[in-house]
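Starting off with a structure, shown below.
The values are calculated or read from the model by the stated rules, or taken from the named source; none is laboratory data. Predicted model, so just to flag it, every value in this text is computed and none were measured. Cβ placement follows ideal geometry from the backbone for every residue including glycine, while neighbour counts extend to all protein chains displayed. To get the accessible areas, we keep the full protein, side chains included, count just its heavy atoms, and leave off ligands, DNA and RNA. Shrake-Rupley method; radii C 1.70, N 1.55, O 1.52, S 1.80 Å.
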Amino acid sequence: MSILAYNGAAIIGMSGKDCVGIASDNRLGIQYETVAMDFKKVFKMNDRLFVGLAGLATDVQTLDQLLRFRMNLYELREERTMSPQVFTNLLSNMLYEKRFGPYFCEPVIAGLDEKGQPHLSTMDLIGAISSAKDFVVAGTCEGNLYGM
């Protein structure tokens, strides 16, 4: 069994005309046992940017805290909010830095750029970016989400 399937997750990011949406399940499980039904997997980074983290629960929480820290540093230094493209590159670099002992998370990024155009992307454990125009999925039930 993959360590990514230990806690389980289902995250989908979708885009429309000048809008994006991101959704996830709230279940925290240990394999087939349900532990809680209020575990947060989608995080609001700013008013126009959301990230969903599918994978090992401890790494989800760790990455959320690290991303908030790095985003705050960026906004203090640059005196502007972070765009989805910059955020995607930041997260990709963070994951690649840990490629020999990776965070067991598959992120989904959904946001609107400065012009109001949708931005969707996902990546693997070591930060290889995959962008799409219409939708992206991550988690243990990717096949089911593709079917829907």
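Taking the 0 to 90 degree range and rounding to the nearest ten, how far is the long axis of helix 84-97 tilted relative to the main principal axis of the chain, both from C-alpha atoms?
That works out to roughly 50 degrees.
Under a 1.4 Å probe, what is the accessible area of the chain per residue, stated in Å²?
In whole numbers, the chain has 56 Å² accessible per residue.
Which trypsin sites (Lys or Arg not before Pro) from region 1-78 combine a DSSP loop assignment with at most 15 other Cβ atoms within 10 Å?
LYS17, LYS40
Same structure, new question: Tell me, what is the percent relative contact order of the chain, built from C-alpha pairs under 8 Å that lie six or more residues apart?
Relative contact order, the chain: 30 percent.
By how many nm would the segment from GLN117 to GLU97 lengthen if fully extended, with 0.36 nm per residue of separation less the alpha-carbon distance?
Full-extension gain reported as 4.3 nm.
Right, here's the next one. I'm a student and want to see the number: the projected area of the Cα convex hull of region 9-90, averaged over all directions, in nm².
Its average projected convex-hull area is 6.1 nm².
List the chymotrypsin sites (Phe, Trp or Tyr not before Pro) within region 93-148 that fall in a DSSP loop (any state other than H, G, I, E or B) and whose Cβ has at most 13 other Cβ atoms within 10 Å.
Values: sites: TYR96, PHE100, TYR103, PHE104, PHE135, TYR146; in loops: PHE100, TYR103, PHE104.
When the chymotrypsin sites (Phe, Trp or Tyr not before Pro) of region 93-148 are filtered for loop state and at most 13 Cβ neighbours within 10 Å, PHE100 remain.
For the chain, which whole-number percentage of the solvent-accessible area (1.4 Å probe, protein heavy atoms only) is attributable to carbon and sulfur atoms?
53 percent
Note the angle between two axes, namely the Cα long axis of helix 57-78 and the longest principal axis of the Cα atoms of the chain, as a number of degrees from 0 to 90, rounded to the nearest 10.
10 degrees
Further question on the same structure: Hey, could you get me the Stokes-Einstein D for region 83-148, Kirkwood radius over alpha-carbon pairs, 4 °C and 1.567 mPa s, rounded to whole µm² s⁻¹?
103 µm²/s
What Kirkwood hydrodynamic radius, in Å, does the chain give when the mean of 1/r is taken over all pairs of distinct Cα atoms and then inverted?
Every distinct Cα pair counted, the radius reaches 15.4 Å.
With r defined as the distance between the Cβ atoms of MET1 and SER130 and R0 fixed at 22 Å, what FRET efficiency is calculated, to the nearest 0.05?
0.40
Compute the distance in nm between two label points, each set 7 Å from the Cα along the Cα-to-Cβ direction, one at ASN72 and one at CYS19.
3.2 nm
Could you grab the relative contact order for region 1-69? Cα pairs under 8 Å, six or more apart, rounded to a whole percent.
Reported relative contact order: 31 percent.
Here's another thing I want to ask about it. Order 32-39, 8-15, 118-125 from most to least packed using the mean count of other Cβ atoms within 10 Å.
Descending packing order for the listed peptides: 8-15, 118-125, 32-39.
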